[in-house]
Amino acid sequence: MNYPIDKIRGDFPILSRSVNGRPLVYFDNGATTHTPEPVVRAMDEVYADYNSNIHRGVHTLSNICTEAFEAAREKVRAFINAGSLHEVIFTRGTTESINLVANAFGEAFIQEGDEVVVSGLEHHSNIVPWQLLQSRKGIVLKVIPVMDDGTLNMDAFYGLLSEKTRLVAVAHISNVLGTINPIQEIIKASHERDIPVLIDGAQAIQHTPVDVQALDCDFYAFSGHKLYGPTGIGVLYGKEKWLSAMPPWQGGGEMIQNVSFEKTTFNELPYKFEAGTPDFVGAIGLGAAIDYVSDIGLKHIANYEQELFNYAFSRLSDLGKITFYGTAPQRTSLISFLLDGIHPFDAGTLLDKMGIAVRTGHHCAQPLMKRFGIPGTIRASFGMYNTTHEVDALVAGLVKVRQLFG
Ligand code: PLP
């Protein structure tokens, strides 16, 4: 089957707008992806047809809305092949999912002097929650070093695991380098030592099929807005054995069974971790995004994106006087680079004048920037709707940037 690129692009109205008088070329998908019409429609329908608070009502609209919300949970479950709906918790996004684990798992299973292993290429949202736990509980944070090509130093990783390690938390795919981390190996090695593993899937869920049971990860976190869904909604997958042993981390409505001033009991999973009115419209939108992506087929999307990535890498390499950050054999979806002698911010600003959106800066990974001794990079990150013509526009734009900076 041919990749239906025209049909896909037609589903994203924003792609046909212009920016600064030029057709938009959007290469900032690592930060957020756009939303196709069917997803917008699904959310419009909630507000137009059946908006009502979920779970608590006996009236018709509340029941319709509750069913749609729970159907979205089932779509997420099937999409990541979780074993049970109890294991799918709606959150605000990857950041909140990781904070949930740092708080609730951290409360129950990590004590002073215990160790958490992260890697040197993590996004701040898989660093700072552990540092907060460090200041609350006096835990020790260990860091897997990053090699020059952007791969993890796996020998060092094995050396970091000890009888004090309580959790390993690593990204599936790096948001700066595009490195696909060897998470299967990391999970297997950790489990051999009875250490659970959290995977930050923020940059993977939209690019590669994820099967949490096959991976055997203990936690998997991702955001809706990077999967062609709405903002403000995300997912934490957690194995039931951990989730049921973890205390709630936020209190309020929905997460309780019974409340009295003498004793409060908590709701069953997953509601124990969903205090307050959840973003049910967002969840229904995320369900629609999963339908959209699944209809095209994530494998199909992944193959298309890999070809685009290869094309972009080769075209950018031909420019010369360019330094790439992240040259791991296993990498995908984005390219980080610097043009010799040109500040990334200047390049990004000029590209924007040509309608080309790339991200410049530290990409919320300051320790990784320090590792490479740079203030930031230019990052072009790809989505299912990008084309080789857009890559050509980026390359032409970079040639102009160079001309302007002499
Ligand atoms: N982890 C990685 C690898 C990311 O790339 C991002 C966002 O760019 C996040 C976590 C945080 O995601 P969010 O801001 O949606 O919570």
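Annotation for segment 39-100: trypsin sites (Lys or Arg not before Pro) lying in DSSP loop with at most 13 further Cβ atoms inside 10 Å of their Cβ are ARG56. On a 21 Å Cα-Cα criterion, which of the cross-link pairs LYS239/LYS263; LYS188/LYS370; LYS188/LYS272; LYS226/LYS299; LYS164/LYS272 come out too long? The answer is LYS239/LYS263; LYS188/LYS370; LYS188/LYS272; LYS164/LYS272. Comparing Cα centroids, segment 122-152 and segment 33-99 end up 31 angstrom apart. A run of the chain free of exposed loop cleavage sites, with GluC sites (Glu not before Pro) counted only in DSSP states other than H, G, I, E and B and at most 14 other beta carbons within 10 Å, reaches its longest extent at 269-406. Report the local net charge at LEU152: Lys and Arg +1, Asp and Glu -1, summed over other residues whose C-beta lies under 11 Å from its C-beta. Residues near LEU152 contribute -4 overall.
Each principal axis of segment 40-295 carries a Cα extent, and these read 58, 50, 27 Å when sorted largest first. Straight-line cross-link reach from LYS321 at under 17 Å between alpha-carbon atoms covers these aspartates and glutamates, not counting any fewer than eight positions away in the same chain: ASP340, ASP346. The length gained by stretching the chain between GLU112 and SER294 to full extension, at 0.36 nm per residue less their Cα-Cα distance, is 61.1 nm. Summing charges over all other residues whose Cβ lies under 14 Å from the Cβ of ILE5, with Lys and Arg as +1 and Asp and Glu as -1, gives -3. Where does helix 388-404 land angle-wise versus the long Cα axis of the chain, in degrees 0 to 90, nearest 10? So the helix axis and the longest Cα principal axis differ by about 60 degrees.
Once the Cα atoms are used to define both axes, helix 60-80 deviates from the longest principal axis of the chain by about 60 degrees. Remark: segment 40-295 carries a charge dipole of roughly 420 debye about the Cα centre, counting +1 on each Lys and Arg Cβ and -1 on each Asp and Glu Cβ. In the chain, the longest principal axis of the Cα atoms and the axis of helix 280-296 are about 50 degrees apart.
For segment 184-238, applying the loop criterion from DSSP together with a ceiling of 12 other beta carbons within 10 Å to the trypsin sites (Lys or Arg not before Pro) yields ARG193.
Only the coordinates and a few stated rules stand behind these numbers; no lab work does. Fair warning: this is a prediction, and the values are worked out from it, not measured in the lab. Neighbour counts run over all protein chains shown; Cβ positions are idealised from the backbone, glycine included.
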